[in-house]
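Participant: Following this message is one structure expressed as structure tokens.
The values are calculated or read from the model by the stated rules, or taken from the named source; none is laboratory data. This one's a predicted model, so the numbers in the text were calculated from it and none came from an experiment. Cβ sites come from the backbone with ideal geometry, for glycine too, and all protein chains shown count toward neighbours. Heavy atoms of the whole protein, side chains included, go into the accessibility calculation; ligands, DNA and RNA do not. Shrake-Rupley method; radii C 1.70, N 1.55, O 1.52, S 1.80 Å.
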Amino acid sequence: MENTSDTRDKIGLVMEGGSMRGMFTCGVIDVFMEHGLTFDGAVGVSAGATFGCNIKSRQIGRARRYNKKYCSDRRYASFHNLITTGDLFGVDFCYRELPFELDPWDSETFASNPMEFYIVASDVETGKPVYYKSCKGLKEDIDWIRASASMPLLSHIVELRGRKFLDGGICDSIPLKFMQKIGYRRNVVILTQPKGYVKEHNPLMPLAKITYRHYPAFIRAMDDRHLRYNRTLEYIEKQEELGNTFAIRPPADLDIGKMEKDPEELERVYQIGRRTAKGCINEMVKRGFCRYYQEP
């Protein structure tokens, strides 16, 4: 099939986080892969990185499969983990056993795929986002994904390269401007909240201020996150009007918990992602917001 995109433009994919709302993203990118669609580069935040990395390794259905299989396994995500280890999501299980033994990540395909893949983490000491370019699909890349997905108050700080990190969504929840800054003129943005959503101030800030009292810049980033997030949503809508951004949103609130343990609920949200992608993919292709890596 002919590539309809302008080859002078770098085309990017931006994937928001949202914990198990990320099953929506899984559905969307699986449809992309089934149609042989790809991008020059992608960036993922939190669940957008954890699940979104599969588009670079071209593993259709992998995130859907392991989430449904292990969602009720307390080694995966449980308050037992939080109480006994300080991490809601089991570090050894999620970031070693699962990707390297139980449902292997195809690191060879990940490394050979020319698509650039960036992971966003929040520097706890500076309160600024850090964008890591993941290339090889090995342990360090997994560690950066873990850092990006480590939710404040529910995870230990992750130390990498002498720096301290937590959830990338705190400092840059939807890194469209980052992709534009590094040369991606056209971008598809997968959001996990419906149009019209407005983020509210974090009600756990009193606890966060105590927990992270030694990191004032990070506290400030947490405290005004909702303001920056809402401004980003406004920016995305303006970029859509200009024609350089194609946003894919769920049609309504996905209504799913951060650590959903019902496989049917995960499947429900995944299927919403699939239906949404199928409903807009022709328009996305027609307007040149993707490339082809194989015949669909």
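Participant: Hey, can you grab everything whose amide H is under 5 Å from the amide H of residue 160? Only 5+ residues off in sequence or another chain; H modelled, so Pro and N-termini drop out.
Facilitator: 165
Participant: Grab the beta carbon distance between residue 131 and residue 244, set R0 = 22 Å, and tell me the FRET efficiency rounded to 0.05.
Facilitator: With a Förster radius of 22 Å, E is 0.65.
Participant: Largest first and in whole Å, what are the equivalent-ellipsoid semi-axes of the range 88-148 based on the Cα gyration tensor, each being the root of 5 times an eigenvalue?
Facilitator: So the equivalent ellipsoid measures 21, 18, 6 Å along its semi-axes.
Participant: Another question, if that's okay. At most 16 other Cβ atoms within 10 Å and a DSSP loop assignment: could you name the chymotrypsin sites (Phe, Trp or Tyr not before Pro) in the range 157-199 that fit?
Facilitator: 197
Participant: Further question on the same structure: Which residues' amide hydrogens lie under 5 Å from the amide hydrogen of residue 185, considering only partners 5 or more residues apart or on another chain, with H built in the peptide plane?
Facilitator: Correct list: 10.
Participant: In addition: Pick out which of 76, 66, 270 has the largest mean-square fluctuation in a Gaussian network model of the chain, springs linking Cα atoms closer than 10 Å.
Facilitator: 66
Participant: Counting other C-beta atoms within 10 Å, and keeping those with at most 16, which DSSP coil trypsin sites (Lys or Arg not before Pro) do you find in the range 163-234?
Facilitator: When the trypsin sites (Lys or Arg not before Pro) of the range 163-234 are filtered for loop state and at most 16 Cβ neighbours within 10 Å, 195, 199, 213 remain.
Participant: While we're looking at this one, here's another question. Among the listed pairs 139/238; 139/195; 195/261, which have their C-alpha atoms separated by more than 31 angstrom in this model?
Facilitator: Checking Cα-Cα distances, 139/238; 139/195 exceed 31 Å.
Participant: In terms of modelled amide H atoms, which long-range or inter-chain residues lie less than 5 Å from the amide H of residue 13?
Facilitator: Amide H neighbours of residue 13: 41, 42, 43, 188.
Participant: A further question follows. Just the C-alpha atoms of the chain: what Rg/Rh do they give, with Rh taken as the Kirkwood radius?
Facilitator: 0.94
Participant: A follow-up question, please. Using only the Cα atoms of the range 138-223, build the gyration tensor, take square roots of its eigenvalues as a ≥ b ≥ c, and label the shape rounded, prolate or oblate: rounded if a/c is under 1.5, else prolate if a/b is larger than b/c, else oblate.
Facilitator: Judged from the Cα gyration tensor, the range 138-223 comes out oblate (a/c at least 1.5, b/c at or above a/b).
Participant: Please state the relative contact order of the range 29-116 as a whole percent: Cα pairs under 8 Å, 6+ residues apart?
Facilitator: It comes to 34 percent, rounded to a whole number.
Participant: Classify the range 65-104 as rounded, prolate or oblate, taking a ≥ b ≥ c as the square roots of the eigenvalues of its Cα gyration tensor: rounded when a/c is under 1.5, otherwise prolate if a/b is larger than b/c and oblate if not.
Facilitator: oblate
Participant: Could you check what % of the DSSP bridge pairs in the range 22-129 are antiparallel, to the nearest 5?
Facilitator: About 40 percent, rounded to the nearest 5.
Participant: Could you work out the equivalent-ellipsoid semi-axes for the range 180-296, taking the square root of 5 times each eigenvalue of the Cα gyration tensor, largest first, in whole Å?
Facilitator: Over the Cα atoms of the range 180-296, the semi-axes work out to 31, 21, 13 Å.
Participant: Report, in debye and to the nearest 20, how large the dipole of the chain comes out about its Cα centre when Lys and Arg carry +1 and Asp and Glu carry -1 on their Cβ.
Facilitator: 460 debye
Participant: With runs of 4+ DSSP H residues as the only contributors, calculate the mean residue ellipticity of the chain at 222 nm using -39,500 (n - 2.57) per run, divided by the residue total and rounded to the nearest 500.
Facilitator: Per the formula, -11500 deg cm²/dmol.
Participant: Kindly report the accessible area of the chain per residue (heavy atoms of protein chains, probe 1.4 Å, no ligands, DNA or RNA), in Å².
Facilitator: I get 45 Å² per residue for the chain.
Participant: Under the classification rounded if a/c is under 1.5, otherwise prolate if a/b is larger than b/c and oblate if not, where does the range 51-156 fall, given a ≥ b ≥ c as square roots of the Cα gyration tensor eigenvalues?
Facilitator: Oblate shape, in that a/c is at least 1.5 and b/c is the bigger or equal ratio.
Participant: From the phi angles alone, apply the Karplus equation (6.51, -1.76, 1.60; θ = phi - 60°) to the range 124-135 and give each ³J(HN,Hα) in whole Hz, x where the residue is Gly or Pro.
Facilitator: 3J(HN,Hα) across the range 124-135, in whole Hz: 5, 7, 9, x, 10, x, 10, 10, 9, 8, 8, 10.
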